[in-house]
Amino acid sequence: MIRKADFLALHPGVYFLDVTDVPTLNVYLTDGGRLGPLEALISVEKAGEGNMNCTVRIRTSSGSFILKQSRPWLEKYPQISAPFDRALIEARFYHLISATEAVASRMPRLLWADEQAHTLALEDLGPASDFFPLYARQIALSDTILSALVNYLAALHRLAPERGEDRKRFTNHEMRVLNHEHMFALPLREPNGLDLDAHTGTPGLTAVAASLKADAAYGQAVAALGERYLHGEGENLLHGDFFPGSFLRTAAGVRIIDPEFCFCGDAELDLGVLAAHLLLAGEPTDRVESILSLYHAAGGGFSSALVRQYAGVEIMRRLIGVAQIPTLKAGLARKTDLLALSRQLLLAPEQSFSV
Ligand SMILES: Nc1ncnc2c1ncn2[C@@H]1O[C@H](COP(=O)(O)OP(=O)(O)OP(=O)(O)O)[C@@H](O)[C@H]1O
Ligand SMILES: [Mg+2]
């Protein structure tokens, strides 16, 4: 397995989750008292499509659970370093929200976490499906789901830990640095090593991106928002990666996973990212605006202009950054329109979401 030897050399005696090594997993679970007295390990398999961590489904004689390990790099791109502690911060988030029904009931339950191995075990939500077909309009985001997502956010954002020590536990600065690079910095850097036409399969996108990168006012607005993201100390506990890749469709309704980018910041970030993905998925403007009225009705406060600015950056980075959406089948004309919308959202955020 990629970099297993490196990991074990750097962290002798620390468990390394390897889906092909069932005997060692069995020892890890049994010796650590992580299985019930009569529970036996049956199988382990990849849980789904993830890029950042090693996330597996473990079946035992009593049921199943999800085990997630963060390593000091990205699972899919091991040459890229990443904060080793992110699984522990994710576990901390699950622990904090566990007593708040409106939030916890929409997420898997945290079963246990292991600080040494940087693992967390979660309730298995079952063979859930993700929301990626949304961008190709193969599935719809119903009103029920949209209001569940927004109500979840309103309840979550009220959970901000008090200032001081508790708040520091949710600074998550290293993950913000990583995300800042990919959201606010790299996509507009020239050159940035990305062959956009090839990377996105959209000939002509390099030229369209070049004119956006050359727009000084746009660049300044993105950079200023990036500073706010990176160094701000907002009042709200955020999910931090609130896009359809973090939503699961289960038999019991929509569920939210993967809060590894959580921190205390602007509520507008989660709202803006959600809005951006509705726009990328081709949802009508009034639907996107409805996020704001739903959130307001749920008691949340926000600046619409700031929501629109965060939405503008998220649209841009999904089109001309590294983290593309594979199911977004847009041609050059549509991407050009979306980038124009991004520009408008950053520079004239008092206007609505329409181009
Ligand atoms: N509690 C759960 N129940 C059922 N399936 C899950 C659960 N947690 C994760 N999965 C599955 O595993 C996939 C990866 O999980 P997750 O997004 O937490 O990992 P990740 O490595 O952080 O991914 P990413 O690269 O998207 O950040 C999910 O898309 C989903 O299919
Ligand atoms: Mg993740």
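The values are calculated or read from the model by the stated rules, or taken from the named source; none is laboratory data. Since this is a predicted model, take the numbers as computed values, not measurements. Cβ coordinates were reconstructed from backbone atoms using ideal geometry, including for glycine residues, and neighbour counts include every protein chain displayed. The area values use the complete protein model at the heavy-atom level, side chains included, leaving out ligands, DNA and RNA. Shrake-Rupley method; radii C 1.70, N 1.55, O 1.52, S 1.80 Å.
Points worth noting:
- Tilt relative to the chain, helix 22-31 - C-alpha long axis, 0 to 90 degrees, to 10: 70
- About its Cα centre, the dipole of segment 292-355 is roughly 260 debye, where the only charges are +1 on Lys and Arg Cβ and -1 on Asp and Glu Cβ.
- Whole-Hz Karplus values for segment 142-153 come out as 5, 4, 4, 5, 4, 6, 4, 5, 6, 5, 4, 4 Hz, taken residue by residue from phi with 6.51 cos²θ - 1.76 cosθ + 1.60 and θ = phi - 60°; glycine and proline positions read x.
- Compactness of segment 85-137, taken as the C-alpha radius of gyration over 2.2 N^0.38 Å, stands at 1.36.
- For segment 4-123, the square roots a ≥ b ≥ c of the C-alpha gyration tensor eigenvalues yield an a/c of 1.5 or more together with a/b not exceeding b/c, which makes the shape oblate.
- Longest to shortest principal axis, alpha-carbon extents of segment 207-268, angstrom: 47, 32, 16
- Distance between the pseudo-spin-label points of LEU332 and ASP215 (7 Å out from Cα toward the beta carbon): 1.8 nm.
- Tally of Lys pairs whose C-alpha atoms are under 20 Å apart, taken over the chain, 8 or more apart or cross-chain: 7
- If you sort VAL313, VAL22 by accessible surface, 1.4 Å probe, largest first, the order is VAL22, VAL313.
- Binned Cα-Cα distances of segment 249-355, short to long, each 5 Å bin given as a whole percent: 2, 12, 21, 24, 20, 13, 6, 1, 0
- Comparing MET175, GLN324, GLY272 along the charge dipole axis of segment 129-347, the residue lying farthest to the positive side is GLN324, per the Cβ-charge model.
- Taking GLU190, GLU39 and ordering them by how much accessible surface each has at a 1.4 Å probe, largest first, produces GLU190, GLU39.
- One decimal place: the segment ALA198-ILE80 gains 40.4 nm when fully extended, by the rule 0.36 nm per residue minus the C-alpha distance.
- Amide H contacts of ILE42 (H built 1.01 Å from N, in plane; Pro and chain starts excluded): ARG59, THR60, SER61 sit under 5 Å, all sequence-distant by 5 or more or on other chains.
- For the chain, carbon and sulfur atoms together expose 55% of the accessible surface, with a 1.4 angstrom probe and every protein chain in place.
- Accessible area of segment 4-123 divided out per residue, in Å², using a probe of 1.4 angstrom: 48
- Value of Rg to Rh for segment 165-209 (Rh from inverse mean 1/r over Cα pairs, i.e. Kirkwood): 1.24
- Measuring r between the beta carbons of LYS46 and LEU10 and using R0 = 25 Å, the FRET efficiency lands at 0.55.
- Residue ranking by accessible heavy-atom surface, 1.4 Å probe, largest first, among SER61, SER70 comes out as SER61, SER70.
- Long-range amide H partners of THR119 with built H, under 5 Å: ASP114
- Å² of accessible area per residue within segment 129-347, as computed with a 1.4 Å probe and no ligands counted: 38
- Take each peptide in 331-337, 148-154, count the other Cβ atoms within 10 Å of every residue, and average; sorted highest first, the result is 148-154, 331-337.
- Over segment 4-123, relative contact order from alpha-carbon pairs under 8 Å, at least 6 apart, %: 18
- Put a plus charge on the Cβ of each Lys and Arg, a minus charge on the Cβ of each Asp and Glu, and nothing anywhere else: the dipole of segment 129-347 about its Cα centre is then about 320 debye.
- Distant alpha-carbon pairs in the chain (separation over 38 angstrom), percent: 17
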